[in-house]
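The values are calculated or read from the model by the stated rules, or taken from the named source; none is laboratory data. No experiment lies behind these values; they were computed from the predicted model shown. We place every Cβ from the backbone using ideal geometry, glycine too, and count neighbours over all the protein chains shown. Note: accessible area is taken over every heavy atom of the protein model, side chains too, but ligands, DNA and RNA are not part of it. Shrake-Rupley method; radii C 1.70, N 1.55, O 1.52, S 1.80 Å.
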Amino acid sequence: MAIATLRRDPRIVKPALIGLYLLWDAPAIGARVASLGVSPELGVYVLLLALLAGALMLAAFIRPVALRVIVALLLCAASLFQQSVEWSTAGILTYDGFANMIEARGNIADALAQYGGVLWHTLPPTLILAAGLLLPPGPRGRRAWPAAAAPPAAVLALSAIFYLRGGEGSRGLPAAFTPVSYTVLMGLEQATAYHGPRDEVTIARPPTRPDRDIVLIVDESISGNYLDIDNDAGVDSGLATPPAGVVLANYGYAASIHNCSATVNQVLRFGGTRENYRDTIVRGPSLWRYAKKAGMRTVYLDAQSTGGALQNLMSSAERAEIDDFEQFGAVPVVDRDMAAADALARHINNGVPELIYVNKLGAHFPVADKFPDAYYRYQPGLPRGRQAGIAWTSDRTGFHGTPEEWVQYRNSYRNTLLWNVGGFFRRLFAEADLRRATIIYTSDHGQDLHERRNPGINTHCGTRQPVEQEGLVPLVVIDGRASADWSRTLPTNRNGMSGFRIFPTLLSLMGYDRAGVKAHYGPAIDDPTPDPFSFIVRFNRSLGGKPTLQHIDLAKVITPPESDFQRLANAGPAAAR
């Protein structure tokens, strides 16, 4: 009888469920303890963990049903989000990573969809937490307010700690609280951010407008070491043999700005150095405004989004500065980069000086269906036909990141490059009169395709200590001017430039004073000034923290293993099945 009573007593059952939930993260707790060792920091961590665990226990005894349900939904959703991300990436959810996911995907639902494959693993602890919070709290006690006050107090205290630590320190803490605290910080950031008008263009330039198109092609998720222009065993990029009369300056391996798409594109559109980019993306005039000041039309070709949706942190105010905004929603996903090549060729051939910014579809996951059957030349690859309609988000259910699966992934990635890079440039070179244009080609970031056999299914963005390849991108200038000379600094600048050089290069091509451009935005690609050859790991738009930069050591870059594949020279549809 006494045992049965204990089993039904919520004062025992609810804490037991909450305790079981907390134990689910025992590996993370153990890793945090091991990293701190015997130190004062360990004592602080243990105290904080105990206080947060106590707040979660108290939350289980909130008496008003409606309030208890709201708290349970909020904490369970937060727990599901954090555990999904951390268990799939084998990393830690920092504030920077959280903000990038929210902003790059537009909402939490899309960010969760990226990690759908591990949701089944996170459901058991989430359901246990839900049961612990939602079960009736039993007989009314004398004081109900501590239970109701505990969750918001815990969130505010944790938010303050994260703010002081620049958005870090969540490892080994209850997953139910961290994303909620990050959301509070994001709201604070938005409330205190500068919302005034952007600066006007002040750099001098001659009154004549450029006589040609200036084009920036930003590919998606292209790791430089997978292309033939920088790796003899790499995939045919279509760039190794440019058309006659066209200057192609291959600057080799370059460092990306960041390892997340949205923030990279934002800096490419607003400029900035490693020291001042946080100010320029908020206050500086856009690339479009500089082009209009130079008398050029502005064109944006977006092969990723559809239906007029804005991405990569583009605002409606920025959209208003673009004359031609083109997307390809009526085109099948596999053909969108080809449609972008056709559109780009039409603009180059129209005789009107334009600034053209191209966001390619590229090789963002999923990669199994981003190429036609005839381009299935690297085998074995991932199963095809399951994600043909998905452009750049993915439910990774069924992909567990085993070494064998990564071999298949890398081969499908190669096939995608063969089509969306090699096929794109062959098509563009065949259709466009390149005498009318100067083109800069790069990618937003590289990829970690787990050549090191490291755990996880993440390829970029959100990892605290990314591998070199996440920041390694191609950088090529394609110039149809007979007088173009990019050779002066190419030998010294090759394999040493970065995405930060692109904005000042574009302004210089528009005719803006090079000295003025350099003073505001740093040196151009063809400037002899050495580049740090680093990319941002922590973007740190707020919280008083400083950006964390990672230098790329080319000696540590993994050459893609040729043992991955059997290469078929003329694969047909039958080979794809």
- Message: Restricting everything to alpha-carbon atoms, can you work out Rg to Rh for region 295-429 with a Kirkwood hydrodynamic radius?
- Response: 1.03
- Message: With a 1.4 Å probe and all protein chains kept in place, how do THR263, THR241 rank by accessible area, largest first?
- Response: THR241, THR263
- In range of the label at ASP335: residues from region 425-455 whose backbone nitrogen is under 18 Å from the point 7 Å along Cα→Cβ: 425-428, 431
- Cysteines of the chain without any disulfide-compatible partner (other Cys Cβ under 4.7 Å) are CYS76
- Message: Full-extension gain between THR492 and ARG209, please, as 0.36 nm times their residue separation minus the C-alpha to C-alpha distance.
- Response: 98.8 nm
- Item | Percent RCO, i.e. relative contact order, over the chain, from Cα pairs under 8 Å lying at least 6 residues apart | 21 percent
- Quick one: if the Förster radius is 51 Å, what FRET efficiency do LEU20 and ALA374 give, using the C-beta to C-beta distance and rounding to 0.05? 0.45
- Measure out, as a whole number of angstrom, how far apart the alpha-carbon centroids of region 520-540 and region 264-293 sit. 14 Å
- When the chain is fully extended, how far beyond the present Cα-Cα distance does THR192 get from ASN349, taking 0.36 nm per residue of separation? 51.9 nm
- Given +1 on the Cβ of Lys and Arg, -1 on the Cβ of Asp and Glu, and no further charges, what dipole in debye does region 351-421 carry about its Cα centre, rounded to the nearest 20? 100 debye
- Query: Near the amide H of ALA254, under 5 Å away, which other amide H atoms are found, from residues 5 or more places off or on another chain, if H is placed in the peptide plane?
  - Reply: VAL473, LEU475
- Task: Pop out the carbon and sulfur fraction of the accessible area of region 306-402 as a percent, whole number, probe 1.4 Å.
- Result: 51 percent
- Note on the structure: For region 145-287, the percent of accessible surface on carbon and sulfur atoms (probe 1.4 angstrom, ligands and nucleic acids excluded) is 59 percent
- Roughly how many Å² of HIS520 are accessible to a 1.4 Å probe, to the nearest 10? 90 Å²
- So what does LEU20 come to for accessible area, using a 1.4 Å probe and Å² rounded to 10? 80 Å²
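To two decimal places, what compactness ratio does region 151-237 give when its Cα radius of gyration is scaled by 2.2 N^0.38 Å?
In units of the globular-protein estimate, region 151-237 measures up at 1.96.
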- Computed over all unlike Cα pairs, the Kirkwood hydrodynamic radius of region 229-316 in Å stands at 16.1 Å
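Kindly provide the helix-only [θ] at 222 nm of the chain, computed as the sum of -39,500 (n - 2.57) over DSSP H runs of four or more divided by all residues, to the nearest 500 deg cm²/dmol?
Details: 20 runs with 231 residues, N = 577.
One gets -12500 deg cm²/dmol as the mean residue ellipticity at 222 nm.
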- Zone reached by a paramagnetic label modelled 7 Å from ALA149 Cα along Cα→Cβ, restricted to region 17-58 with backbone N below 17 Å, covers 51-52, 54-58
- Query: Taking Rh as the Kirkwood radius computed over C-alpha pairs, what is the Stokes-Einstein D of region 400-470 at 10 °C in a medium of viscosity 1.306 mPa s, expressed in µm² per second?
  - Reply: 110 µm²/s
- Residue separation between THR306 and ALA519 times 0.36 nm, minus their alpha-carbon distance, gives in nm 72.9 nm
- Query: If you put +1 on each Lys and Arg Cβ and -1 on each Asp and Glu Cβ, how big is the dipole of the chain around its Cα centre, in Debye rounded to 20?
  - Reply: 1840 debye
- Query: Going toward the positive end of the dipole of the chain, with +1 on Lys and Arg Cβ and -1 on Asp and Glu Cβ, which of ASN493, ALA148, ILE214 do you reach last?
  - Reply: ALA148
- Sorted by chain and then number, the residues having a modelled amide H within less than 5 Å of the amide H of SER443, at least 5 places away or on another chain, are ASP219
- Label point 7 Å beyond Cα of ARG567 along Cβ direction - residues of region 227-266 with amide nitrogen under 13 Å: 227-238
- Inter-probe distance in nm under a simple model that places probes 7 Å from Cα toward Cβ, at SER315 and ALA244: 5.1 nm
- Task: Of the options SER316, PRO380, ALA515, report the single residue whose Cα projects farthest towards the positive end of the charge dipole of the chain (beta-carbon charges: Lys, Arg +1; Asp, Glu -1).
- Result: SER316
- Surface accessible to a 1.4 Å probe, ARG538 within the full protein complex, Å²: 40 Å²
- Rounded to the nearest Å, what's the spacing between the alpha carbon centres of region 362-382 and region 123-163? Just the number, please. 47 Å
- Task: For region 293-353, just the Cα set please: Rg and Dmax, both in angstrom.
- Result: 12.4, 37
- Task: Give the cross-link partners of LYS14 among the aspartates and glutamates, using a straight C-alpha distance below 20 Å as the criterion and excluding same-chain residues fewer than 8 apart.
- Result: ASP25
- Query: So what is the accessible area of region 433-548 per residue, in Å², with the probe set to 1.4 Å?
  - Reply: 34 Å²
- Task: Quickly work out the ALA160-to-GLU404 label distance, labels modelled 7 Å from Cα along the C-beta direction, and quote it in nm with one decimal.
- Result: 5.4 nm
- Query: Could you give the alpha-carbon Rg of region 351-482 over 2.2 N^0.38 Å, rounded to two decimals?
  - Reply: 1.19
